[in-house]
Amino acid sequence: MVLLIDSINAIRDFLDTGGQVLLVIGVLIFAMWLLILERFIYFFKGFRSYKQNVKAQWKNRAERNSWNAEQIRQAMISRAGMRLNTNLALINVMVALCPLLGLLGTVTGMIEVFDVMAITGTGSARSMASGVSKATIPTMAGMVGALSGVFASTFLQRRAKREVELLEDNMVLDH
């Protein structure tokens, strides 16, 4: 219990050091990783049964060589691709927002530095230190969130493309 309380206090101190923008970045990164984990779970668990169902529907068709059959095949593949690409665009938007919010944190931190300089009338390093940390910590958090999201998003997009191609290869037209 003490470990949990210490962890919560450490997170609270970190959020206080980075300002309110850091809280927004943290919520954004949390939501982004929830969506990423949902996609990973779908790719490795949910899509397998859907793919088997689509392949079984195609193999159970009596006629697989006409123009209509080809259109039905394309529609099945397109539906599978749409299921695979669900939320990937939203994940990409969240990845793009992370560094922008980090930049917003930089701006608000620097405004605080200039505010301290205007109030004290000097360029004292001690009085400017909290504003500088409020300027750099959100930037770092935004970059970390964006980098981790870029790697996961790229993996998911490649995996979706490969799964669609494999499904196309498995659903052969009879000639």
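Just name the residue that is least open to solvent (accessible area, probe 1.4 Å) out of those in the stretch 48-86 that are aromatic (F, W, Y) and in contact with a helix residue (DSSP H, G or I) (Cβ under 7 Å, 6 or more places away or on another chain).
It comes out as W58.
Only residues that are on the phi < 0 side of the Ramachandran plot, touching a residue at least 24 places away in the same chain (Cβ under 8 Å) and open to solvent by 30 Å² or more (accessible area, probe 1.4 Å): list them for the stretch 87-106, please.
Once the filter is applied, which keeps residues that are on the phi < 0 side of the Ramachandran plot, touching a residue at least 24 places away in the same chain (Cβ under 8 Å) and open to solvent by 30 Å² or more (accessible area, probe 1.4 Å), the stretch 87-106 yields L90, N92, A96, L97, P99, L100, L101, L103, L104, T106.
Listed residues F14, F30, F44; which is under 30 Å from V113 (Cα atoms) and exposed (fewer than 13 other Cβ atoms within 10 Å of the Cβ)?
After applying the criteria, what remains is F30.
Residue by residue, here is whether (1) over 16 Å from the mean Cα position of the chain (by Cα); (2) open to solvent by less than 80 Å² (accessible area, probe 1.4 Å); (3) within 18 Å of L28 (Cβ to Cβ); (4) hydroxyl-bearing (S, T, Y) holds:
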site	(1), (2), (3), (4)
A129	yes, yes, no, no
S133	yes, yes, no, yes
P138	yes, yes, yes, no
M143	no, no, yes, no
V150	no, yes, yes, no
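If only one of I111, I36, I5, I25 is part of a helix (DSSP H, G or I) and exposed (fewer than 12 other Cβ atoms within 10 Å of the Cβ), which one is it?
That would be I5, the only listed residue that is part of a helix (DSSP H, G or I) and exposed (fewer than 12 other Cβ atoms within 10 Å of the Cβ).
The values are calculated or read from the model by the stated rules, or taken from the named source; none is laboratory data. Small disclaimer: the values here were computed from a predicted structure and weren't measured. Ideal geometry is used to build each Cβ from the backbone, glycine not excepted, and the neighbour counts take in all protein chains shown. The area values use the complete protein model at the heavy-atom level, side chains included, leaving out ligands, DNA and RNA. Shrake-Rupley method; radii C 1.70, N 1.55, O 1.52, S 1.80 Å.
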